[in-house]
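The values are calculated or read from the model by the stated rules, or taken from the named source; none is laboratory data. None of the values given here were measured: they were computed from a predicted structure. Every residue, glycine as well, gets a Cβ built from its backbone with ideal geometry; the counts of neighbours run over all protein chains shown.
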Amino acid sequence: MLNLPILRRGQPRAMTGCLAKNTVICVLSTAVALTLLPVGAGAANPASADPLEAAGDVLSVALPVTALASTVWHQDPAGKSEFLKVLAATELVTFGLKYGLDAPRPNGGRQSFPSGHTAAAFAGAAFLHRRYGLRYGVPAYALATLVGVSRVTSRNHWIPDVIAGAAIGIGANLLFTSPYPGAPVQVAWRTREKGADLVVSWRF
């Protein structure tokens, strides 16, 4: 059931300020992500370096860092607490399954299921969506999807590994993340005795 119960009229926001804010967050988080990557990754065999895989490696860190940075930018301590819970739950479930199942990878490695890169990326993307709205969520989901694609094309994971990783990251947000007051577009599940509603609200 699609329920559209809220239509509130608010003051329009300046797009210039919004774009500037998003740009600053993305630049800073990507810079941090680059510093967190292994320095020697791919250096031993430059010919085998895959640009898409490298981009996925960066984005798998940049998206969670962006989510955390966004809570600082918005001066949102409640959101920060929620995201730390999301990240902890995502990592706990992901690595519990990895070590518990020890599934083989397409490239011959182990601990394939689920994809940790994809889980982290979707944890960050889903948080940006659920906490701050679709204007953050849409580009974040696109980048998180790129991470998943990179893990399959680089033969680090099977497709089910990536789907499971995305589900874990999104599921953790469904459990812990609530909409930020004032977000222009909010999407949330509302449970009731005989089912659940998908609630969409927006300001204009």
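Inspect all residues belonging to the stretch 167-181 and state whether any of them is among the aliphatic types (A, V, I, L, M) and touching a Gly at 6+ places or on another chain (Cβ under 7 Å).
The answer is no; no qualifying residue exists.
When you go through ALA67, ALA103, ALA62, ALA88 one by one, which is the residue that is more than 17 Å from the chain's Cα centre (by Cα) and of a type in the set (A, V, I, L, M, F, W, C)? Lay out the reasoning, then the answer.
On the way: ALA67 fails: more than 17 Å from the chain's Cα centre (by Cα); ALA62 fails: more than 17 Å from the chain's Cα centre (by Cα); ALA88 fails: more than 17 Å from the chain's Cα centre (by Cα).
From the options ALA67, ALA103, ALA62, ALA88, the qualifying one is ALA103.
Just to verify a result, which residue in the stretch 100-121, among those that are small (Gly, Ala, Ser) and outside any helix (DSSP H, G or I), is surrounded by the most Cβ atoms within 10 Å (Cβ to Cβ)? Reasoning before the result, please.
The initial filter retains those residues of the stretch 100-121 that are small (Gly, Ala, Ser), namely 100, 103, 108-109, 112, 115-116, 119-121.
Now narrow it down to the ones that are outside any helix (DSSP H, G or I): 103, 108-109, 112, 115.
Values: ALA103: 17, GLY108: 7, GLY109: 12, SER112: 20, SER115: 31.
Within the stretch 100-121, the match that is surrounded by the most Cβ atoms within 10 Å (Cβ to Cβ) is SER115.
Would you confirm, using the coordinates I've provided, whether SER70 is free of Cβ contacts under 8 Å to residues at least 12 places away in the same chain, hydroxyl-bearing (Ser, Thr, Tyr) and either part of a helix (DSSP H, G or I) or surrounded by 24 or more Cβ atoms within 10 Å (Cβ to Cβ) (or both)?
On the way: free of Cβ contacts under 8 Å to residues at least 12 places away in the same chain: no; hydroxyl-bearing (Ser, Thr, Tyr): yes; either part of a helix (DSSP H, G or I) or surrounded by 24 or more Cβ atoms within 10 Å (Cβ to Cβ) (or both): yes.
So SER70 does not fit the description; no.
Working only within the stretch 120-147, note down all residues that are over 16 Å from LEU175 (Cβ atoms) and not hydrophobic (A, V, I, L, M, F, W, C).
TYR132, GLY133, ARG135, TYR136, GLY137, PRO139, TYR141, THR145
Name the pairs whose Cβ atoms lie under 7 Å apart, with the first residue in the stretch 169-180 and assigned to a loop (DSSP other than H, G, I, E, B), the second crowded, with 18+ Cβ neighbours inside 10 Å and of a type in the set (A, V, I, L, M, F, W, C), and 6 or more positions between them or separate chains?
Pairs that qualify, where the first residue is assigned to a loop (DSSP other than H, G, I, E, B) and the partner is crowded, with 18+ Cβ neighbours inside 10 Å and of a type in the set (A, V, I, L, M, F, W, C), are THR177/VAL86; THR177/PHE127.
The rows are residues; the columns are (1) modelled with pLDDT of 95 or more; (2) surrounded by fewer than 21 Cβ atoms within 10 Å (Cβ to Cβ); (3) polar (S, T, N, Q); (4) farther than 21 Å from SER70 by Cα.
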| residue | (1), (2), (3), (4) |
| --- | --- |
| LEU174 | yes, yes, no, no |
| PRO181 | no, yes, no, no |
| GLN186 | no, no, yes, no |
| ASP197 | no, yes, no, yes |
| PHE204 | no, yes, no, yes |
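Looking at this structure, is SER154 in contact (Cβ under 8 Å) with a residue 60 or more places away in the chain, over 29 Å from PRO179 (Cβ atoms), crowded, with 24+ Cβ neighbours inside 10 Å and small (Gly, Ala, Ser)? If you could, list the steps in order and put the result at the bottom.
On the way: in contact (Cβ under 8 Å) with a residue 60 or more places away in the chain: yes; over 29 Å from PRO179 (Cβ atoms): yes; crowded, with 24+ Cβ neighbours inside 10 Å: no; small (Gly, Ala, Ser): yes.
It is false that SER154 is in contact (Cβ under 8 Å) with a residue 60 or more places away in the chain, over 29 Å from PRO179 (Cβ atoms), crowded, with 24+ Cβ neighbours inside 10 Å and small (Gly, Ala, Ser).
Of all residues in the stretch 127-136, which are buried (at least 20 other Cβ atoms within 10 Å of the Cβ) and part of a helix (DSSP H, G or I)? Explain how you work it out, then say what you get.
First, the residues of the stretch 127-136 that are buried (at least 20 other Cβ atoms within 10 Å of the Cβ): 127-133, 136.
Once the filter is applied, which keeps residues that are buried (at least 20 other Cβ atoms within 10 Å of the Cβ) and part of a helix (DSSP H, G or I), the stretch 127-136 yields PHE127, LEU128, HIS129, ARG130, ARG131, TYR132, TYR136.
Considering GLY124, GLY96, GLY148, which residue is crowded, with 20+ Cβ neighbours inside 10 Å, at pLDDT 95 or above, assigned to a helix (DSSP H, G or I) and more than 10 Å from the chain's Cα centre (by Cα)? Steps first, answer last, please.
Values: GLY124 fails: more than 10 Å from the chain's Cα centre (by Cα); GLY96 fails: crowded, with 20+ Cβ neighbours inside 10 Å.
The unique qualifying residue is GLY148.
Does LEU143 qualify as being touching a Leu at 6+ places or on another chain (Cβ under 6 Å) and either in contact (Cβ under 8 Å) with a residue 60 or more places away in the chain or assigned to a helix (DSSP H, G or I) (or both)? Outline the logic, then answer.
On the way: touching a Leu at 6+ places or on another chain (Cβ under 6 Å): yes; either in contact (Cβ under 8 Å) with a residue 60 or more places away in the chain or assigned to a helix (DSSP H, G or I) (or both): yes.
Considered against the rule, which asks whether it is touching a Leu at 6+ places or on another chain (Cβ under 6 Å) and either in contact (Cβ under 8 Å) with a residue 60 or more places away in the chain or assigned to a helix (DSSP H, G or I) (or both), LEU143 comes out as yes.
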